[in-house]
Amino acid sequence: MADRRLQVFYTVARLLSFTKAADALHMTQPAVTFQVRQLEDYFNTRLFDRTHNRVSLTEAGRTVYEYAERIFELYSEMENSVRELTGDVSGALTLGASTTIAEYMLPSLLGDFKKKYPEINIRLKVSNSEGIVSMVENNIIDLGVVESPVSNRNLLVEVCQQDQLVLVVPPDHPLAGEKKATLDQILLQPFICREEGSGTRGVIVDYMASQGVDKNALGVCLELGSPEAIKGAVEAGMGVSILSRATVEKELALKRLVAIPLAPPLERPFSFVRQRQKFRLRAMEELLEFARNYCQVHAGDLPRTDA
């Protein structure tokens, strides 16, 4: 409902970047620039200073930003109040998820959610955990779901599920018959890992540090960008890896891979991450509540091994 020019201006002002605003609004950068110039023409003054490839608000821009923030808060309050009266739940949400969660957890959750709320349109962005947190920080996505701890205290972080990580080897590997695998055993093997910024890689590094082992002690032979690529490389005998147990269920059933629990065990949280916004759309509230209930009901669905 709000003036499109004001929405575009507010997004640029919040991110202090025309490029990031274009991404967040699913617009081209020239279209963003055009909307801002229209608003500047309306007020007959500049709202942004653009010097040395940096964007900053002018005094007039800061005034418009403060009023815009209050206007959009009132719009959100109004929309939520009316939808509560009518029982209507609709709108669009942009969800971001790290690779493991997007491939193995979200399809079922979002499928069930869409059956209940067909009028809510969801866009999904996939990146590693570091990228998803950055998108939340910059308001490019409404809600992130990540697989590693989040240190930014300005964000709201809510654990939804615990995930177990295991050593993954081919069936003919010397460790395949072991009941447990220690770091000392793993360090002797060629290791296949995710890229820097991946939640899985970060959790493994923290796990090693907790046992007094330097991260460089791993004999990394390959860095790959997805669990699927890593599983294929392990299956081909190129090395071993540590992955979420949930990502290898198909390969375990087909006896293409063997999963060995770590000693001590390694678990990590799957968490919702969002901005500390005072007001949120009803659609966001419904998605959060649905996801919380889904994680509680399906808490036992993530396969586990004896500790």
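Amide H contacts for Cys160 (H built 1.01 Å from N in the peptide plane; partners 5 or more residues away or on another chain; cut-off under 5 Å): Phe270, Ser271, Phe272. Write out the cysteines belonging to the chain for which the nearest other cysteine Cβ is not under 4.7 Å, or none if no such cysteine exists. Cys with no partner Cβ under 4.7 Å: Cys193, Cys221. Take the solvent-accessible surface of the protein heavy atoms, probe 1.4 Å, and return the percent of it on region 44-185 that carbon and sulfur atoms account for. Of the solvent-accessible surface of region 44-185, carbon and sulfur hold 47 percent. A Förster distance of 51 Å, applied to the separation of the beta-carbon atoms of Asp112 and Ala176, puts the FRET efficiency at 0.90.
Oblate is the label for region 50-132, because the ratio a/c of its alpha-carbon gyration tensor axes (a ≥ b ≥ c) is 1.5 or higher and a/b is not greater than b/c. Residues whose amide H comes within less than 5 Å of that of Leu243, counting only those at least five positions distant or on another chain, are Val166, Val168 (H built at 1.01 Å from N in the peptide plane). In plain terms, the bigger the Kirkwood radius, the slower the diffusion; for region 213-274, with that radius from Cα pairs, at 25 °C and 0.890 mPa s, Stokes-Einstein puts D at 182 µm²/s. Sorting Phe270, Phe72, Phe43 by solvent-accessible area of protein heavy atoms yields Phe43, Phe72, Phe270, largest first, with a 1.4 Å probe. Every Cα-Cα pair in the chain was counted, and those over 28 Å apart are 49% of them. Given a 1.4 Å probe and the protein chains as shown, Arg282 ends up with an accessible area of around 50 Å².
Rounded to whole numbers, the Karplus 3J(HN,Hα) couplings from phi for region 43-57 are 8, 6, 7, 6, 9, 10, 9, 10, 9, 6, 6, 10, 10, 9, 7 Hz, using 6.51 cos²θ - 1.76 cosθ + 1.60 with θ = phi - 60°, and x at Gly and Pro.
Taken along the Cα-to-beta-carbon direction at a fixed 7 Å, the label points for Ala263 and Glu223 span 3.2 nm. Solvent-accessible surface (1.4 Å probe) assigned to Asp23 amounts to roughly 70 Å².
Tell me whether region 196-300 comes out rounded, prolate or oblate; compute the Cα gyration tensor, take square roots of the eigenvalues as a ≥ b ≥ c, and use a/c under 1.5 as the rounded threshold. Prolate, since a/c reaches 1.5 and a/b exceeds b/c. Jot down the per residue volume, in cubic angstrom and as a whole number, of the convex hull over the alpha-carbon atoms of region 100-139. About 69 Å³ per residue, rounded to a whole number. The calculated FRET efficiency for the pair Asn216 and Arg123, based on their C-beta separation and a Förster distance of 45 Å, comes to about 0.70.
Note on Cys160: accessible area approximately 20 square angstrom, rounded to 10, probe 1.4 Å, nucleic acids and ligands left out. Sparsely packed loop sites in region 93-196 (the trypsin sites (Lys or Arg not before Pro) outside DSSP H, G, I, E and B with at most 13 other Cβ atoms within 10 Å) comprise Arg153, Lys179. With protein chains left intact and a 1.4 Å probe, residues in region 127-277 average 43 Å² of accessible area per residue.
Summarising the label geometry, the points placed 7 Å from Cα in the beta-carbon direction at Gln38 and Glu77 lie 2.8 nm from one another.
The values are calculated or read from the model by the stated rules, or taken from the named source; none is laboratory data. Please read all numbers here as calculations on a predicted model, not as lab measurements. Methodologically, a virtual Cβ is constructed for each residue, glycine included, from the backbone with ideal geometry; neighbour enumeration extends over all protein chains shown. For accessibility, only protein heavy atoms count, side chains too; no ligands or nucleic acids. Shrake-Rupley method; radii C 1.70, N 1.55, O 1.52, S 1.80 Å.
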